Amino acid sequence: MQIGIGISQNQDPKAAVLDALAQSLNDARLPDLTVIFYAGKYDPDAIWQAANGMLAGSSFIGGSVAGIFTEQQVYRLGVTALSLYGITARTKLVSIDGQRAYDVGQTAGIALVQDEDHPSTVMILPNVKNQRLGALIRGVYSRLGPQFQYFGAGTGIQFTEEGHSDDGVAVALIKDLHFTHGIGHGWIPFGEPMLVTRTEGNRIYELDGQPAASRFSNAIHQVAKGDAEMIGFNYQLGIPCGNGEYIVRNIMRSEEETLHCVTAIPSKSMVTLMTTSIPALPAIAKRITDEALHQHPCPQFAVLFDGIARELLLKENFVQESRNIFRTLRNLPAVGVLSFGQIDSALGIPLFHNSALSVTIGGVKP
């Protein structure tokens, strides 16, 4: 297997794609799969046209993200590409367009797999604005099952060689590679559990039968002695998943006693107030990276999905997190993006995470 990685900050979308691809491609032939992410206010159609023109006849998948990061810097405008040779890959783009998210996920799953396929790995890049992300991911899983591994991230725009969408999901089946995964967030529960008693989509109206915003605020003040803002990145909600693990659900804003979350939290869910130690986040990132790396017998590249919320929390100190990640990888080629949520199946089934770091290590099968 061969790999190539490229990155460009050219302000022209076509030039940026061509530059990043030129760095990642082998002159002898087209790759079997290219993963492309872009950040900034590029024209999505121009991005897709450039990629499709240069990769005609080859599979590719990608989307728009909040940023691209290296060991030293975060790029708010740029394109990065990862090209993989010597593998088998298949992609699919499905638009939701008023359909049920679960059904769209099933359609994407069915389109990927053929009768002769053996268990492999699926990359999922959904639109983060879809309030039913969980249902979409469950739809993919319902058709493929636990024999497959899953990873991915929330995106703004999604694309494959079939086209691009701002309301859909791009998926890729990746064969002939072995992947290991690490995911974590460093958030801890505190305070008493609360029951989601009334919700609609990504809006929580009631917690414990009380107006959600008031109940959330009171929970903070009870444990923080009033020394906290009502809504902020320092306090979020967590859903217990067993084995002491929690999935963080970010709250975007409070409005008329309603909590607006990044994605839906089902009614009757138990949730807990979550907080984190911001100075500890870079060390946690190192541990997550180290765990994923040491599970792989022959690591050859890494795909890093770091939550934009982590970067907003760390601010100028985010460079400590990125350095910890890349130095732990020990010069392993890696693509790092700031994503709008992360997808991982480390807990047994694919789940959508907020405020997490997802590290995927790829290489030849042992």
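Every number here is computed from the coordinates shown, using simple stated rules; none is lab data. Keep in mind that what you see is a predicted model, and the values were worked out from it rather than measured. No Cβ is skipped: glycine too gets one built from the backbone with ideal geometry, and neighbour counts run over all protein chains shown.
If you count the DSSP beta bridges with both ends in the range 66-196, what percent of them are antiparallel, to the nearest 5?
Roughly 80 percent of the DSSP beta bridges within the range 66-196 come out antiparallel.
Tally Lys/Arg at +1 and Asp/Glu at -1 over every other residue whose Cβ is under 10 Å from the Cβ of residue 105; what's the total?
Computed value for this residue: +3.
Output ³J(HN,Hα) for the range 352-366: one whole-Hz value per residue in order, computed from phi by the Karplus curve 6.51 cos²θ - 1.76 cosθ + 1.60 with θ = phi - 60°, and x for Gly and Pro.
9, 10, 10, 6, 10, 10, 10, 10, 10, 10, x, x, 5, 5, x
I'd like the distance separating the alpha-carbon centroids of the range 34-75 and the range 295-366, in whole Å.
One Cα centre to the other: 18 Å.
For 311, 162, what ranking results if the residue with the fewest other Cβ atoms within 10 Å of its Cβ goes first?
By the 10 Å Cβ count, ascending: 162, 311.
What is the calculated FRET efficiency for residue 214 to residue 49, with r their C-beta to C-beta distance and R₀ = 45 Å, to the nearest 0.05?
Taking R0 as 45 Å, the efficiency between residue 214 and residue 49 is 0.35.
Would you please put 334-344, 185-195, 63-73 in order of how densely packed they are, using the mean number of other Cβ atoms within 10 angstrom per residue and starting with the highest?
Result, highest mean first: 334-344, 63-73, 185-195.
With θ taken as phi - 60° and the coefficients 6.51, -1.76 and 1.60, list the Karplus ³J(HN,Hα) couplings across the range 181-198 in order, rounded to whole Hz; mark glycine and proline as x.
Couplings: 9, x, 8, x, 9, x, 8, 10, x, 8, x, 7, x, 10, 9, 6, 9, 8 Hz.
If we count other beta carbons within 10 Å of each Cβ, what is the order of 291, 255, 316, fewest first?
Exposure proxy ranking, most exposed first: 316, 255, 291.
Output the Kirkwood hydrodynamic radius of the range 318-366, Cα pairs only, in Å rounded to one decimal. Before the final figure, lay out the partial values.
Values: mean 1/r = 0.0790 Å⁻¹.
Taking every pair of different Cα atoms in the range 318-366, averaging 1/r and inverting gives 12.7 Å.
Among 353, 221, 296, 118, what is the fewest-to-most ranking by other Cβ atoms within 10 Å? Let's see the in-between values first.
Values: 353 26, 221 13, 296 20, 118 8.
Final ranking by Cβ density, sparse to dense: 118, 221, 296, 353.
Could you work out the relative contact order of the range 198-312? I mean the mean sequence separation of Cα pairs under 8 Å and 6+ apart, divided by the number of residues, in percent.
Rounded, it is 26 percent for the range 198-312.
Using the structure shown, list the pairs from 92/268; 129/175; 41/129; 41/315; 41/92; 92/129 with a Cα-Cα distance above 27 Å, or answer none.
On the way: 92/268 34 Å; 129/175 29 Å; 41/129 17 Å; 41/315 21 Å; 41/92 25 Å; 92/129 19 Å.
Among 92/268; 129/175; 41/129; 41/315; 41/92; 92/129, the Cα-Cα distance tops 27 Å for 92/268; 129/175.
For the range 187-276, what ratio Rg/Rh do Cα atoms give with a Kirkwood hydrodynamic radius? List each step's numbers first, then the result.
Details: Rg = 11.7 Å, Rh = 12.7 Å.
For the range 187-276, the value is 0.92.
Between residue 117 and residue 9, what is 0.36 nm times their sequence separation minus the Cα-Cα distance? Round to one decimal in nm. Mind dumping the intermediate values first?
On the way: separation 108, 0.36 × 108 = 38.88 nm, distance 3.82 nm.
Net length gain for the segment: 35.1 nm.
With each pseudo-label sitting 7 Å past Cα toward Cβ, what's the residue 316-residue 27 distance in nm, one decimal?
Rounded to a tenth, the inter-label distance reads 4.4 nm.
Which whole-number percent is the relative contact order of the chain (Cα, under 8 Å, 6+ apart)?
Numbers: 935 pairs, mean separation 70.3, N = 366.
The value is 19 percent.
Once the other residues with Cβ under 11 Å from the Cβ of residue 129 are scored (Lys, Arg +1; Asp, Glu -1), what is the net sum?
Taking every other residue near residue 129 into account, the sum is -1.
Amide H to amide H under 5 Å from residue 33: which residues, 5+ apart in sequence or cross-chain, H placed 1.01 Å off N in plane?
84
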